[in-house]
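Notes to accompany the following structure.
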């Protein structure tokens, strides 16, 4: 994903960027509300992370101005203010999610993945295709070549995620967030088990495999 980070705290900004870049994301970092606003108006991001306490323009005002210009980029607010009233103000300003500080990096990653997924679904194509593999999101029908493939719900969700990110390596943490919409211990083997089941259906008996393991990183859909 291409992610905008608007955060004036050097320590937090460096922490977030390091953690997200390890997942393969690209992060643009701005340290003032005015610069963050300009970036959101000039460039298309998959998701934005915005701190509330910013120089020149606070995060809530930034969000209000962005929404007034009909920019629909998903926005996650970060703030040391974790009271219910503060969270409500952030959401009413137009943010999509709110994460109080301090926060765990794994939770930030999961929330960003969920925001990206919801945004993608709101403008989704009806049929996803890669190579000779197709997935009809309306009829929930998977097919490779002329062969119709029966999938369980989690298998369908995993295949949909891979098809939305073809030739891009996705980590176990990213899969957990997208397929389960929840965070599990990344050391769990539930992802490996699900990928194994999906491979048996998608790759077994065909000329070439499409689901590949990238050792130590995750999985990728490619020829």
Considering only region 184-223, how many residues are out of contact with any strand residue (DSSP E or B) (no Cβ under 7 Å at 6 or more places or on another chain) and not in a loop (DSSP other than H, G, I, E, B)? 8
Could you give me the residue pairs with C-beta distances under 6 Å whose first residue belongs to region 157-174 and is modelled with pLDDT of 90 or more, whose second residue is surrounded by fewer than 20 Cβ atoms within 10 Å (Cβ to Cβ) and in a loop (DSSP other than H, G, I, E, B) wherever it lies, and which are 6+ apart or on separate chains? 167/222; 169/217
Among the residues of region 84-104, write down those that are part of a loop (DSSP other than H, G, I, E, B) and touching a strand residue (DSSP E or B) at 6+ places or on another chain (Cβ under 9 Å). 94, 95, 96, 101, 103
What residue, of 67, 111, 18, is over 26 Å from residue 177 (Cα atoms) and either part of a helix (DSSP H, G or I) or in the same structural domain as residue 165 (by TED's automatic domain parsing) (or both)? 67
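Yes/no matrix, rows are residues, columns are (1) crowded, with 18+ Cβ neighbours inside 10 Å; (2) outside the structural domain of residue 25 (by TED's automatic domain parsing); (3) over 19 Å from residue 223 (Cβ atoms):
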| residue | (1), (2), (3) |
| --- | --- |
| 137 | no, yes, yes |
| 163 | yes, yes, no |
| 175 | yes, yes, yes |
| 180 | no, yes, yes |
| 193 | no, yes, yes |
| 203 | no, yes, no |
| 210 | yes, yes, no |
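Rundown of residues vs (1) surrounded by 21 or more Cβ atoms within 10 Å (Cβ to Cβ); (2) touching a helix residue (DSSP H, G or I) at 6+ places or on another chain (Cβ under 8 Å), yes/no style:
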{"residue": "57", "(1), (2)": "no, yes"}
{"residue": "60", "(1), (2)": "yes, yes"}
{"residue": "67", "(1), (2)": "no, yes"}
{"residue": "77", "(1), (2)": "yes, yes"}
{"residue": "87", "(1), (2)": "no, no"}
{"residue": "99", "(1), (2)": "no, yes"}
{"residue": "107", "(1), (2)": "no, no"}
{"residue": "113", "(1), (2)": "yes, yes"}
Scan of region 175-189 for residues that are at pLDDT 75 or above and under 17 Å from residue 160 (Cβ atoms), ordered by number: 175, 176, 177, 178, 179, 180
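The values are calculated or read from the model by the stated rules, or taken from the named source; none is laboratory data. Keep in mind the model is a prediction, meaning the values are calculated, not measured. Note that we place each Cβ from the backbone using ideal geometry, even for glycine, and neighbour counts take in every protein chain shown.
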